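Heads up: the structure comes next, in structure tokens.
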Amino acid sequence: MKVNVMSDILKANDLLAKDIETLLGKKGIVAWNIMGSPGAGKTAVLERSIPMLTETHGVAVIEGDLATANDAERIARTGVQSSQINTNGACHLDAAMVRTAMETIDLDTINLLFIENVGNLVCPAGFLLGEKGRIIVSSITEGDDKPEKYPSMFSTADLVLMNKMDLVSSTDFREEYFRKGVKKLRPEADIIAVSARDGSGLREFVDWITEHSRVSP
Ligand SMILES: Nc1nc2c(ncn2[C@@H]2O[C@H](COP(=O)(O)OP(=O)(O)OP(=O)(O)O)[C@@H](O)[C@H]2O)c(=O)[nH]1
Ligand SMILES: [Mg+2]
């Protein structure tokens, strides 16, 4: 008999993700799935951008990690709602985890939800979470060949942030090579060079979020 366990799991996940998307849509909330390697700077980019975003948006963040509440605590210090999911070993978030975390957030006070996935360049790609789109934070210290080495992840990105640009002179990172690698997999993806350390590029990131988070009436 044919055994089809993985595709059944993905199908169930996608159905729940669709429910989440519908619920968020009814409430006028746009969700972004933030993905990238461990330590790429996903939380740092959010920490530094949230004060700009809250000038015009109600923001909340769901944080996914194997263990600790470190990231949710960092986000809470910015003053917005944050909720931590511990996956206890799982290398990605799934829609059921996100649905549970959403119950801890006052959805009536927000219109922007960031879901920071578990740091990983492979597993999160296969699991929809109800997001409008996907943002990959890729730090330049990881190397300029990451798009071509991790195509499943980069081929689903709507926006790629090249983070840690403040360190570029200490690396052999070739920005054009990286950009070509992304565009080959996903021509429509936007790419922005940023530094969560010195803040460069983050206004452009905030403008991108604002532009792409408009809810059609
Ligand atoms: N120099 C420099 N350091 C950065 C930058 N962004 C993040 N960092 C540092 O990189 C480290 C990891 O940053 P995090 O924001 O925790 O990275 P993350 O992607 O959220 O990590 P995980 O959640 O563990 O996957 C921290 O020590 C940050 O201070 C940057 O733009 N420049
Ligand atoms: Mg983090």
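The values are calculated or read from the model by the stated rules, or taken from the named source; none is laboratory data. Only a predicted model underlies this, so the values are computations on that prediction, with no experimental measurement involved. With ideal geometry, Cβ positions are generated from the backbone for all residues, glycine too; neighbour counts draw on all protein chains shown. Accessible surface areas use protein heavy atoms only, side chains included; no ligands, DNA or RNA. Shrake-Rupley method; radii C 1.70, N 1.55, O 1.52, S 1.80 Å.
When you scan region 27-43, do you find a residue that is within 16 Å of ligand 2 (Cβ to nearest atom) and of a type in the set (D, E, K, R), even just one?
yes
Considering Gly79, Gly28, which residue is of a type outside the set (D, E, K, R) and touching a residue at least 40 places away in the same chain (Cβ under 8 Å)?
Matching residue, one of Gly79, Gly28: Gly28.
Of all residues in region 193-212, which are under 16 Å from Asp158 (Cβ atoms) and surrounded by fewer than 19 Cβ atoms within 10 Å (Cβ to Cβ)?
Taking region 193-212 as the starting set, the residues that turn out to be under 16 Å from Asp158 (Cβ atoms) are 194, 204-212.
Once the filter is applied, which keeps residues that are under 16 Å from Asp158 (Cβ atoms) and surrounded by fewer than 19 Cβ atoms within 10 Å (Cβ to Cβ), region 193-212 yields Glu204, Asp207, Trp208, Thr210, Glu211, His212.
State all residues of region 47-73 that are near ligand 2 (Cβ under 8 Å from one of its atoms) and outside any strand (DSSP E or B); if no residue qualifies, say none.
Asn70, Asp71 - these are the residues of region 47-73 that are near ligand 2 (Cβ under 8 Å from one of its atoms) and outside any strand (DSSP E or B).
Search region 1-22 for residues that are under 12 Å from Arg99 (Cβ atoms) and pair each with any residue that is among the basic types (Lys, Arg) and at pLDDT 75 or above when their beta-carbon atoms are under 8 Å apart and the residues are at least 6 apart or on different chains.
Final answer for the pair search is Leu16/Arg99; Asp19/Arg99; Ile20/Arg99; Glu21/Lys132.
Testing Ala196 on (1) among the aliphatic types (A, V, I, L, M); (2) more than 16 Å from ligand 2 (Cβ to nearest atom); (3) closer than 17 Å to Ile135 by Cα, one condition comes back false. Which one is that?
Failing condition for Ala196: (2).
Picking from Tyr150, Tyr177, which residue would you name as being open to solvent by 60 Å² or more (accessible area, probe 1.4 Å) and within 14 Å of Met35 (Cβ to Cβ)?
Among Tyr150, Tyr177, only Tyr150 is open to solvent by 60 Å² or more (accessible area, probe 1.4 Å) and within 14 Å of Met35 (Cβ to Cβ).
Which one of these is within 29 Å of Gly199 (Cα to Cα) and within 16 Å of ligand 1 (Cβ to nearest atom): Ile75, Ile29?
Details: Ile29 fails: within 16 Å of ligand 1 (Cβ to nearest atom).
Among Ile75, Ile29, only Ile75 is within 29 Å of Gly199 (Cα to Cα) and within 16 Å of ligand 1 (Cβ to nearest atom).
Yes/no matrix, rows are residues, columns are (1) of a type in the set (Asp, Glu); (2) closer than 30 Å to Lys149 by Cβ; (3) touching a strand residue (DSSP E or B) at 6+ places or on another chain (Cβ under 6 Å):
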| site | (1), (2), (3) |
| --- | --- |
| Ser49 | no, yes, no |
| Gly58 | no, no, no |
| Thr68 | no, yes, no |
| Met97 | no, yes, yes |
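So which residues in region 26-46 are part of a helix (DSSP H, G or I) and under 26 Å from Leu202 (Cα atoms), if there are any at all?
Matches in region 26-46: Lys42, Thr43, Ala44, Val45, Leu46.
Of (1) of a type outside the set (Phe, Trp, Tyr); (2) within 24 Å of His212 (Cα to Cα); (3) open to solvent by 10 Å² or more (accessible area, probe 1.4 Å), Asn120 satisfies all except one. Which?
Only one criterion in (1) of a type outside the set (Phe, Trp, Tyr); (2) within 24 Å of His212 (Cα to Cα); (3) open to solvent by 10 Å² or more (accessible area, probe 1.4 Å) is unmet by Asn120, namely (2).
What's the number of the only condition in (1) away from ligand 1 (no atom under 12 Å from the Cβ); (2) within 26 Å of Glu142 (Cβ to Cβ); (3) not in a helix (DSSP H, G or I) that Ser83 fails to meet?
Every listed condition holds for Ser83 apart from (2).
Within the bounds of region 36-47, is there any residue that is touching a residue at least 12 places away in the same chain (Cβ under 8 Å), away from ligand 1 (no atom under 16 Å from the Cβ), in contact with a strand residue (DSSP E or B) (Cβ under 8 Å, 6 or more places away or on another chain) and open to solvent by less than 30 Å² (accessible area, probe 1.4 Å)?
To start, the set of residues in region 36-47 that are touching a residue at least 12 places away in the same chain (Cβ under 8 Å) comprises 36-47.
Narrowing further to those that are away from ligand 1 (no atom under 16 Å from the Cβ): none.
No - not one qualifying residue is present in region 36-47.
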